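**Student:** There's a structure below that I have some questions on.
The values are calculated or read from the model by the stated rules, or taken from the named source; none is laboratory data. Fair warning: this is a prediction, and the values are worked out from it, not measured in the lab. Don't worry about glycine lacking a Cβ; one is built from the backbone with ideal geometry, like all the others, and counts go over all protein chains shown.
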Amino acid sequence: MQILMRQDFLRGLKGEANMTTKPIKRILVTGSAGQIGSELVPYLRNIYGNDNVVAGINRTKPPAIIYETGPVVTVNINDRADLDKVVDEYNIDTIINLAAILSATGEKNPMLCWDVNMNGFHNVLECAREKDLSRVINPSSIAAFGPETPRDNTPQETVLKPRTMYGVTKVAGELLGDYYFRKFGVDVRGLRYPGIISSETPPGGGTTDYAVAIYYEAIKNRRYECFVREDTILPMMYMPDALKALVDLMEAPIENLIHHSDFNVGSMSFSAGELADEIKKHIPDFEITCKPDFRQAIADSWPKSLDDSAARKEWGWSPTYDISSMTKDMIEKLSKKLL
Ligand code: AKB
């Protein structure tokens, strides 16, 4: 009943009773050299065709596969004219905005974080509005939550009072995305990613980065000094599930969606110590020590696990990997790469 009322309310506000799901033909992925972008671009090229997925990069060089399999363009989302030029030149109808400053870097440079995550995203939204694009995807994060939020099975609708600038930009980004949806009919969608674990490109500047670094160090050096306490529990997700989630949300028929920019997506939750124990099953002499730094306070302000029933109901979200299948795969892939 409550859900129906919210759906009607949103429809009424944006007058989109007849709004249809527009086709996705040519995608621009900003931030393609980053942890998610460097795996998302090849994944999308397999689905939509190599030439139909344009990898947008800025200062960082992406892996060779990005250059080898399709178009790559330099684009700065903080330069509106530059963004417009790329969208026109490549006939883009969908923007996946992965250009962002993450939590730890954001605390070192909060103004840069605001500028890229908010002003850059606003340029993306304005570009989509003026050019009537089919879709904008702007991932949010568990960083949208704060210490007042219930930490276990964090609800979809709850207190959003983050303590980091990154979190502030994620909450504001969710609200701005929903505003553009209701006010201007721009089809903006987003999901609150947990920490993402992957083997292709290491993350940079996040608080959950330890959950990737631990694998590299376990394989290379048999030891890792972790920057959060061993009992720190956070929600995490393996990259194949993160990619599937993004495409499933992007492709969901609009009439099925009640939420838009702020879907909780859960997968697995574990402490740093439990992750180390899982790695020890494959590398028995691996040792972890912990020296918490400023990122401990950030981790302590985030949820331990998420209620993602809205995502499950509205677009069929269902993760595949757990800590043991992920660890087996990570160790196999990284061992080939590093040894
Ligand atoms: C970070 O740690 O900042 C990111 C995130 C959880 O959004 N990985």
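**Student:** Would you call I92 more than 30 Å from T207 (Cα to Cα), aliphatic (A, V, I, L, M), more than 16 Å from the ligand (Cβ to nearest atom) and at pLDDT 95 or above? Walk me through how you get there before you give the answer.
**Tutor:** Values: more than 30 Å from T207 (Cα to Cα): yes; aliphatic (A, V, I, L, M): yes; more than 16 Å from the ligand (Cβ to nearest atom): yes; at pLDDT 95 or above: yes.
For I92, the condition - more than 30 Å from T207 (Cα to Cα), aliphatic (A, V, I, L, M), more than 16 Å from the ligand (Cβ to nearest atom) and at pLDDT 95 or above - is met.
**Student:** Only residues that are within 16 Å of the ligand (Cβ to nearest atom) and part of a helix (DSSP H, G or I): list them for region 128-146, please. Full working, then the answer.
**Tutor:** Within region 128-146, the first condition is being within 16 Å of the ligand (Cβ to nearest atom), and the residues that meet it are 137-146.
Of everything in region 128-146, those that are within 16 Å of the ligand (Cβ to nearest atom) and part of a helix (DSSP H, G or I) turn out to be I142, A143, A144.
**Student:** Looking at G177, G173, G206, which one is touching a Ser or Thr at 6+ places or on another chain (Cβ under 7 Å), crowded, with 23+ Cβ neighbours inside 10 Å and in the same structural domain as A299 (by TED's automatic domain parsing)?
**Tutor:** Details: G177 fails: in the same structural domain as A299 (by TED's automatic domain parsing); G173 fails: in the same structural domain as A299 (by TED's automatic domain parsing).
Every option except G206 fails the conditions.
**Student:** Does region 125-144 contain at least one residue that is more than 24 Å from L243 (Cα to Cα), surrounded by 18 or more Cβ atoms within 10 Å (Cβ to Cβ) and either within 19 Å of the chain's Cα centre (by Cα) or free of Cβ contacts under 8 Å to residues at least 12 places away in the same chain (or both)? Spell out how you get there, then give the answer.
**Tutor:** Residues of region 125-144 more than 24 Å from L243 (Cα to Cα): 126-127, 129-132.
From the residues that got through so far, the ones that are surrounded by 18 or more Cβ atoms within 10 Å (Cβ to Cβ) too are 127.
Next cut, either within 19 Å of the chain's Cα centre (by Cα) or free of Cβ contacts under 8 Å to residues at least 12 places away in the same chain (or both) only: none.
No: region 125-144 contains no residue that is more than 24 Å from L243 (Cα to Cα), surrounded by 18 or more Cβ atoms within 10 Å (Cβ to Cβ) and either within 19 Å of the chain's Cα centre (by Cα) or free of Cβ contacts under 8 Å to residues at least 12 places away in the same chain (or both).
**Student:** Consider region 85-108. How many of its residues are of a type outside the set (V, I, T) and either assigned to a strand (DSSP E or B) or surrounded by fewer than 16 Cβ atoms within 10 Å (Cβ to Cβ) (or both)? Even if it seems obvious, please write down each step before you answer.
**Tutor:** Start the filter on region 85-108 by keeping residues that are of a type outside the set (V, I, T), which leaves 85, 88-91, 93, 97-100, 102-104, 106-108.
Now narrow it down to the ones that are either assigned to a strand (DSSP E or B) or surrounded by fewer than 16 Cβ atoms within 10 Å (Cβ to Cβ) (or both): 85, 88-89, 91, 97, 108.
Residues flagged as of a type outside the set (V, I, T) and either assigned to a strand (DSSP E or B) or surrounded by fewer than 16 Cβ atoms within 10 Å (Cβ to Cβ) (or both) within region 85-108 amount to 6.
**Student:** Follow-up question, since we're still on this one. Within region 149-183, how many residues turn out to be within 13 Å of the ligand (Cβ to nearest atom) and of a type in the set (G, A, S)?
**Tutor:** Total meeting the criteria: 2.
**Student:** Contact list please: Cβ distance under 7 Å, first residue in region 195-218 and assigned to a loop (DSSP other than H, G, I, E, B), second residue near the ligand (Cβ under 10 Å from one of its atoms) and among the charged types (D, E, K, R), pairs at least six apart or on different chains.
**Tutor:** Close Cβ pairs satisfying both conditions: P203/D209; T207/R295.
**Student:** Which one is surrounded by the fewest Cβ atoms within 10 Å (Cβ to Cβ), of the residues in region 314-328 that are farther than 13 Å from M237 by Cβ and over 20 Å from the mean Cα position of the chain (by Cα)?
**Tutor:** First, pick out the residues of region 314-328 that are farther than 13 Å from M237 by Cβ: 314-316, 324, 327-328.
Now restrict to residues that are over 20 Å from the mean Cα position of the chain (by Cα): 324, 327-328.
Details: S324: 12, T327: 22, K328: 14.
Filtering region 314-328 for residues that are farther than 13 Å from M237 by Cβ and over 20 Å from the mean Cα position of the chain (by Cα), the one surrounded by the fewest Cβ atoms within 10 Å (Cβ to Cβ) comes out as S324.
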